[in-house]
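The values are calculated or read from the model by the stated rules, or taken from the named source; none is laboratory data. Remember, it's a predicted structure, so these values are computed and weren't measured experimentally. No Cβ is skipped: glycine too gets one built from the backbone with ideal geometry, and neighbour counts run over all protein chains shown. Please note that ligands, DNA and RNA were not included when accessible areas were found on the heavy atoms of the full protein model with its side chains. Shrake-Rupley method; radii C 1.70, N 1.55, O 1.52, S 1.80 Å.
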Amino acid sequence: MNIWKITNDKITISNGTVSFTMVKVQGADYWIGEMPVTQELWEAIMGNNPSHFANKPANPVEEVSCNSALEFIKKLNEETSLNFRLSTVKEWEFAARGGSASQGFKYPGSNILDDVCWHRYNSGMTQPVKTKLPNETGLFDMLGNVMEWCDDEVEVFDRFDKDLIKSILEK
């Protein structure tokens with residue numbers, strides 16, 4: 001993969017077939033993916049698609065274990081010669097809230113949930129990324145659509161099984 005477009009706050013990386021964009025978090029010294037990893041990008045790097053709602057290239061990949069996410073990052077680093085990693089919970093939360101550009105919205109980018117979030121009551125399944133409003137930093141799908149792994153949650157979530165996590169989240 002080659003870096004083919006760099007601006008002050010975005011880097012787009014592409015291999016000619018699939019691309020992804022990293023966004024500089026305003027008021028911080030790190031970058032984060034503009035949107036969740038899509039099925040298209042996952043398949044390009046991993047060669048498979050673990051998603052329950054498969055064959056939807058623009059949808060986020062789901063049904064990904066923490067170990068699989070870490071393996072994806074390892075392969076992405078090898079493919080790009082860059083150094084990607086999972087964000088920490090604090091980094092992810094700061095980015096989700098809009099970084100230093102935050103306007104204090106209730107949800108990432110709006111006070112109206114359905115403007116920024118796919119969830120079980122307006123969708124019932126994953127939806128294509130970037131179809132809701134971004135937050136103040138230009139990040140999409142920071143709430144809803146799929147859960148995302150963070151570096152400092154790895155040990156906690158690896159101890160639980162999927163059914164237990166689902167039952168906790170449904171309460």
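Between Val18 and Lys106, what is the FRET efficiency for a Förster distance of 41 Å, r being their Cβ-Cβ separation, to the nearest 0.05?
Numbers: r = 34 Å, r/R0 = 0.83.
Here the calculated transfer efficiency is 0.75.
Tell me, in nm to one decimal, what length is gained between Lys10 and Ser123 on full extension, where the rule is 0.36 nm per residue of separation less the Cα-Cα distance? Don't jump to the answer; show the numbers that get you there.
Numbers: separation 113, 0.36 × 113 = 40.68 nm, distance 2.97 nm.
Gain on extension, Lys10 to Ser123, equals 37.7 nm.
Might you tell me the accessible area per residue for the range 76-131, computed with a 1.4 Å probe and given in Å²? The partial results should precede the final answer.
Values: 3440 Å² over 56 residues.
The answer is 61 Å² per residue.
If Tyr121, Tyr107, Tyr30 are ordered by their accessible area, calculated over protein heavy atoms with a 1.4 Å probe, which sequence runs from highest to lowest? Don't skip to the end; give the middle numbers.
Numbers: Tyr121 185, Tyr107 55, Tyr30 25 Å².
From most accessible down to least: Tyr121, Tyr107, Tyr30.
All other residues with a Cβ under 15 Å from the Cβ of Glu78 taken together, and with Lys, Arg as +1 and Asp, Glu as -1, what is their net charge?
Numbers: positive: Lys74, Lys75, Arg85; negative: Glu71, Glu79.
Residues close to Glu78 contribute a combined charge of +1.
Between the DSSP loop rule and a limit of at most 14 other Cβ atoms within 10 Å, which GluC sites (Glu not before Pro) in the range 29-86 are left?
Details: sites: Glu34, Glu40, Glu43, Glu62, Glu63, Glu71, Glu78, Glu79; in loops: Glu34, Glu62, Glu63.
Those that pass, being in a loop and sparsely packed, are Glu63.
When Lys and Arg each count +1 and Asp and Glu each count -1, what net charge do the other residues less than 10 Å away from Gly138, Cβ to Cβ, add up to? Walk me through the numbers before you get to the answer.
Details: positive: Lys10, Lys24; negative: Asp9, Glu34, Glu136.
Its environment carries a net charge of -1.
Leaving ligands and nucleic acids out of the surface, order Ile112, Ile45 by accessible area at 1.4 Å, largest first.
On the way: Ile112 100, Ile45 20 Å².
I get Ile112, Ile45, largest accessible area first.
On full extension of the chain, what length is gained from Glu93 through Phe53, given 0.36 nm per residue of separation minus the C-alpha to C-alpha distance?
11.7 nm
Looking at the range 108-157, which trypsin sites (Lys or Arg not before Pro) are DSSP coil and have at most 12 other C-beta atoms within 10 Å of their C-beta? List each step's numbers first, then the result.
Values: sites: Arg120, Lys130, Lys132; in loops: Arg120, Lys130, Lys132.
Sparse-neighbourhood loop trypsin sites (Lys or Arg not before Pro): Arg120.
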